[in-house]
Amino acid sequence: MSNHIICFSTSGATLGQRILAVEDVFAADWELTQCFGADHESLSDWTKRVFQPGNNLIFIGAAGIAVRAIAPYVSAKQSDPAVVVMDEKANWCIPILSGHLGGANLLANKLAKMTGAQAAITTATDVRGVWAVDSWAKQERLTVVNPSGIKEISAGLLQGQTKKLFSEFPISGKLPEGLVFSDAASCDIYIGIHRLTDREQEPLYLIPAALIAGIGCRKGARREQLDALFEEVLEQNNVWQQAV
């Protein structure tokens, strides 16, 4: 994962430097690109370079500039990076892409808190105070292997339905409103390392990286053999590769 800020004026550059100075908020390395003046990197080249899964992108400027820049690269919610737009006076902080899975909403709230801006969050679950499964999965570093199921969970909770959750691992604290514990056979949300094989309808799978694989081999063993063995063992034990 890498983190990138782009600005289009001296005022925007000042805000970018202000953001970079807050080390306790942004522990990871950030890159500030000034898209003005002589010999600067073009916006299209910058966007093509940094628009990668897991990245955080902050545009300091007009929202329309950001929308046009990222439009050719937007693909899928499970892989699109977090994109946030701020105006150069830090009045508004707007997540425009990957608010939950990419963490843009969390990033916008952090930026708003440190700069005094107003975070403009528009996702329905956040606006109505309903628990967002994809945002929680991002926060807890769980991989969503079938993101198409997110919509059903969120829509059900927004309609006041109760959703059933099963976890192979202990969960501390009280469950969010609308969730109840259940068994693996009837759950809507499954947290664990195994693939369920006796279900007609798949639950939403949230997979923690909880396993470490160690493989021994004799000298001369081919990489292809090790890969095949690894995949065979996972399949035999109904274990998600994302759990390793």
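Throughout, read-outs are computed from the coordinates displayed, never taken from laboratory work. Quick caveat: nothing in here was measured; it's all calculated off a predicted structure. Glycine also receives a Cβ, built like all others from the backbone with ideal geometry; neighbour counts cover every protein chain displayed.
Calculate how many DSSP beta bridges within segment 90-244 are antiparallel, expressed in % of all such bridges and rounded to the nearest 5.
Beta bridges within segment 90-244, antiparallel portion: roughly 25 percent.
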³J(HN,Hα), Karplus 6.51/-1.76/1.60, whole Hz, each residue of segment 129-136, x for Gly, Pro: x, 9, 4, 9, 5, 6, 5, 5
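Given Lys77/Lys164; Lys113/Lys138; Lys77/Lys163; Lys48/Lys77; Lys48/Lys163; Lys110/Lys164, which pairs have Cα atoms separated by over 28 Å?
Values: Lys77/Lys164 24 Å; Lys113/Lys138 20 Å; Lys77/Lys163 22 Å; Lys48/Lys77 17 Å; Lys48/Lys163 39 Å; Lys110/Lys164 31 Å.
Correct reply: Lys48/Lys163; Lys110/Lys164.
Give me Val239, Val133 sorted ascending by neighbouring Cβ count inside 10 Å, so fewest comes first. Write out the running numbers ahead of the final one.
Values: Val239 19, Val133 27.
So the residues, fewest neighbours to most, are Val239, Val133.
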Scattering profile of segment 80-145 at q = 0.13 Å⁻¹ [log10 I(q)/I(0), Debye over alpha-carbon scatterers]: -0.34
Ser42-Gln241 pseudo-label distance in nm [points 7 Å out on the Cα-to-Cβ vector]: 3.6 nm
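Ordered by packing density, taken as the mean number of other Cβ atoms within 10 Å over each peptide's residues, highest first, how do 51-58, 136-143 rank? Don't skip to the end; give the middle numbers.
Numbers: 51-58: 19.6, 136-143: 15.8.
Going from most to least packed, we get 51-58, 136-143.
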16 Å cut-off, amide nitrogen to a point 7 angstrom out along Leu229 Cα→Cβ, residues in segment 202-223: 213-223
Candidates Phe36, Phe169, Phe181, ranked by Gaussian network fluctuation over the chain, Cα under 10 Å, top entry: Phe169
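Using the Kirkwood formula over every pair of different C-alpha atoms, what hydrodynamic radius in Å results for the chain?
20.3 Å
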Exposure proxy order (Cβ contacts within 10 Å, fewest to most) of Glu200, Glu177, Glu152: Glu200, Glu177, Glu152
Nearest 10 degrees, 0 to 90: helix 223-236 Cα axis against the chain principal axis: 60 degrees
Prolate/oblate/rounded label for segment 1-66 (Cα gyration tensor, a/c 1.5): oblate
Diffusion constant of segment 37-140 at 20 °C, which comes from Stokes-Einstein with the Kirkwood Cα-pair radius and 1.002 mPa s, µm²/s: 152 µm²/s
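Excluding Ala63 itself, what net charge comes from residues whose Cβ is under 15 Å from its Cβ, given Lys and Arg +1 and Asp and Glu -1? Provide the component values of the computation, followed by the final result.
On the way: positive: Arg68, Lys89; negative: Asp87, Glu88.
So the environment of Ala63 carries a net charge of 0.
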Cα centroid separation - segment 203-241 against segment 110-187, whole Å: 29 Å
